[in-house]
1. For region 3-318, what is the accessible area per residue in Å², given a 1.4 Å probe and the full set of protein chains?
2. State the extension gain, in nm to one decimal, for the chain segment bounded by S214 and V710, taking 0.36 nm per residue of separation less the distance between their alpha-carbons.
3. Name the long-range amide H neighbours of S214: under 5 Å, sequence gap of 5 or more, or other chain; modelled H, no Pro or chain starts.
4. So how far, in whole Å, is the C-alpha centre of region 296-362 from the one of region 435-451?
5. With axes computed from alpha carbons, what is the tilt in degrees of helix 345-358 against the longest principal axis of the chain, rounded to the nearest 10 within 0 to 90?
6. Just want to confirm a number: the relative contact order over region 323-542, from Cα pairs under 8 angstrom separated by 6+ residues, in percent.
7. Expressed in whole Å with the largest first, what are the equivalent ellipsoid semi-axes of region 517-665 derived from the C-alpha gyration tensor as the square root of 5 times each eigenvalue?
8. What ranking, highest mean first, results for peptides 601-612, 437-448 when packing means the other Cβ atoms within 10 Å averaged over each residue?
Amino acid sequence: MAIEFQQENHIFTIQTENTTYQMKVDGFGFLLHLYYGRSVTGNMDYLLTYCDRGFSGIPYDAEGDRTYSLDVLPQEYPLAGMGDFRSAALAVRNGDGSLCCDLRYKGHEIKKGKYGLKGLPAVYAEEEEADTLEILLEDPVSGMQVRLLYGVLEKEDIITRSAVIHNGGKEEAVVERAASACLDFVTGEYDLISFYGRHAMERSLQRREIGYGSTSVGSSRGTSSHQHNPAVILAEKNTGEEWGSCYGMMFVYSGSFGCEVQKDQFGQTRIWMGLERDFLHYPLEPGASLVVPETVLCFSDQGFGELSHRFHRCVRNHICRGRYSRQVRPVLLNSWEASYFDFTGETICGLAKEAAELGIDMVVMDDGWFGKRDDDNSGLGDWQVNEEKLGCTLGKLIESVNSLGVSFGIWIEPEMVSEDSDLYRAHPDWALQVPGRKPVLSRNQLVLDFSREEVRNHIFERICRVLDQGNVEYVKWDMNRSITDVYSAETVPGKVAYEYVLGVYDFLEKLTARYPALLIEGCSGGGGRFDAGMLYYTPQIWCSDNTDAADRVRIQYGTSFFYPVSAVGSHVSAVPNHQTGRILSLETRGVVAMAGTFGYELDPGKLDERERAQIKRLNGRYRKYAELIQGGDYYRLSDPFQDAYGAWELVSEDAGQALVSAVMLEIHGNMTVNYVKLKGLKRDALYENMEDGKCYSGAALMEAGLPLPVETGEYRAYQMEFREKGK
Ligand code: GLA
C-alpha cells in the first residue's frame, strides 16, 4: 500500500516510486503539511518550527501560545477566517454572514483503487494500480464537512487531490473559494511556469520568479481559456529540461479556474489550484455538497522533461478513455480551411475523392451543414441537415464518401444558439442571459443553458438524430465563445457556471456511451478549452486555429509540457497561411503536423502534381511512424522561444528507435551552426541514421549532438530516424 498512517503520531505518508508526500494531524486536530518531494524516509515533522510570531493569529484552544499560529504553519487545506492571513484554499460564508470555517480532523479511510468524482472527470486506474486516502475534516460549530481525497498512482509518481465540501449544518452557507489542492513549502525559492496566450496563439511559456505577495493565473471565461492553461509548474531556481526539482499541477476541469502562488512574510511559498478565485459564490443548502474538480500533482527531480513524461503517461493511460485513447488516429482532411461555409455535398465528395487518392483516411465536414448557416451569424441550435445545401441527405453523402473507402466525420457546436435560429425563437429562456438586459454577444451567438437537463436533452436528441443518419466515425465538438450573462432561468444563481460545465460533461458522457466507437475531437476556437477535463471525453483537441507551422512550433512546444502528442490536433494547411500569410514548404508543414494527430486543412484539388505526390509521401511517412509518434516518449530538444530552431524527438519505449524533427526558425547571413542534442537513448548502443546509414553511439548523439545543415531559406525542416544497430 502506497499510503500509510502512523497511529502513534498521526502522520500520513504517501510513497510513490520516486516521491514522498507527508502530512500530520496535530494536537489541535489541524491537518498540517509536512513534505512533498523526492523520496525520503522517516518523519518530517521536525521541519515544523514554533517561534513567537507577533501579529499572527492564535487559535483559541492554543491558549495564547504565541508560538502556534496557522499564519505560519504549513497546511493541507488552509482556511479563510482562522488567523491564517495568506491565500486560503477554502473560504465559506456562513448563514450568519461570517467568513469562517474551522475544520478539524474527524477520521480517515485508506482504500484500494482510485476514487471517482460524481459528475466530473478524474484520473482512473485499475484497482491494483492505485490507492485512495480520504480524510474527513469538520467544523464543530457550523457542521461544514470537507472530505479531502488523495489518489495515488504509485508507479506513475502521480498523486491526485480533490475535495468534497458538504454542508452538514442547519443553515445555508456559500462557498467563496474552493481549491482541490494546496501545497505549502516552508523553505525554497521558486519560479512559476505558466502557459498564457490568446486565440490563435495559445500556451506560450512564461517563467517568473515568485516574489513576496501573490502571483496568479486563471480564467473567468467559463472555459479553461486560450488565455491561461489550467496547468502550471513550480520549479526550483535552476531547474531545466533535464535537471532540477519541479512540481506540476494540472486541473482536470474545463471551466473557469484559479491558481495562486504566494510568498509569505517568512519566505514560505503556498500554491493552490481550484475553482475560479474572484467570482465564486456557490450556495450550499443543508445536506448539499460541492465536489471540487481534481488536481493532478507530480514531482520530478530530473527537470521538466521527466515531469512531462509522467504527465503524458498519466493523460494517455489514466485520463483519455475509449477505444481511441491508445490507438493510432485516422489522418483527417477537414473542410474548414478548404471551403469554410461555401460547400455542397459535391464539394465534400470531391474532398473525399482527393482523400482516397492521396491516402487520407477521413473527410470531416466542418461548420455550415445544418439549419440556416452560410456564415457564423445564424443557425446554431438548429441541428437539422440542410439537404438543400448538400444536394442530398446526410445518409447519402456519407454513403458516397464511404464508397470511396474514406470515413466520414462531422462538426457540431452543441452548447450554442444563434439569436437568428428557430431554437432561440422558440426557447429564448434556454440561453444564458440576465432578465431585463441585452446579452453580451460574441460571434453573434449565445450560450445555451447546459446547467438545465431539458436543454441538454433536447440538443442531445437532435444531435443523435443527425449522427444516426449514417456511418459517422468522428465528431469535432466546438465551443466558440466565452461565457457571459451567467444567469439561468432555472438553476440557482451562483451554481450556474459550475453546473454548466457538469452539464457539458454529462452530455459528453452520454454521447460516448451511446457511440463508443466514435472519435471525438474537442475544440474551442482552436485551443480555448485544451484541458485534462475535456481529454477524459475527447482523446484529442484541436490545438489552435493557427495552422501556421512556424507559430505551431511554439504553440505545440508550450502544449507539450503537460499534454501528450496523441492529444494535439495538428494539420497541414494551405499557403499562404490563412492566419499569418506565411508561406512554408509542405515538408515543414508536414513535419510540424506530425507532432500531433496529423491531417489536412486544405483543398488538395488546388495543389499541383508535385505537391500531391509529396502529400502521398508525407502520409506514408506518418503511417510508418504513427505508433512511435502517438505512443513514444516525447523530448523537447530546444526552446523555440529562445533558440534559432525548434526540435523535438520521439523515442520508443525500449529506446531502440528515435524520430528527430527540427525546424529552423531563424536564418542569417554566414549562419552559425546549430547542434541538436538527442535524449533518451542508450549511451552504449550504436544508432544508425536510417537515411544515410551513418552510425553514432547513443552517448555521442546525446552529449555532442548533430549539426543541423546550414542551408539558405527560412523555416527548413529536417526529420531523421535513428535505429539501434542490430535491432
Ligand atoms: C472554430 C474552430 C475552427 C472551425 C470554426 C467553424 O473557430 O476552431 O476550426 O471549426 O470554428 O466555425
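1. On a per-residue basis, region 3-318 sits at 36 Å².
2. So the extension gain works out to 174.0 nm.
3. Those qualifying (amide H under 5 Å, at least 5 residues apart or on another chain) number zero.
4. 31
5. Taking the Cα atoms of the chain, the angle to 345-358 is about 90 degrees.
6. 18
7. Over the Cα atoms of region 517-665, the ellipsoid semi-axes are 22, 19, 17 Å.
8. The packing order, highest mean first, is 437-448, 601-612.
The values are calculated or read from the model by the stated rules, or taken from the named source; none is laboratory data. Treat the numbers as computed from the prediction; the structure is a model and nothing was measured. Ideal geometry is used to build each Cβ from the backbone, glycine not excepted, and the neighbour counts take in all protein chains shown. Accessible surface areas use protein heavy atoms only, side chains included; no ligands, DNA or RNA. Shrake-Rupley method; radii C 1.70, N 1.55, O 1.52, S 1.80 Å.
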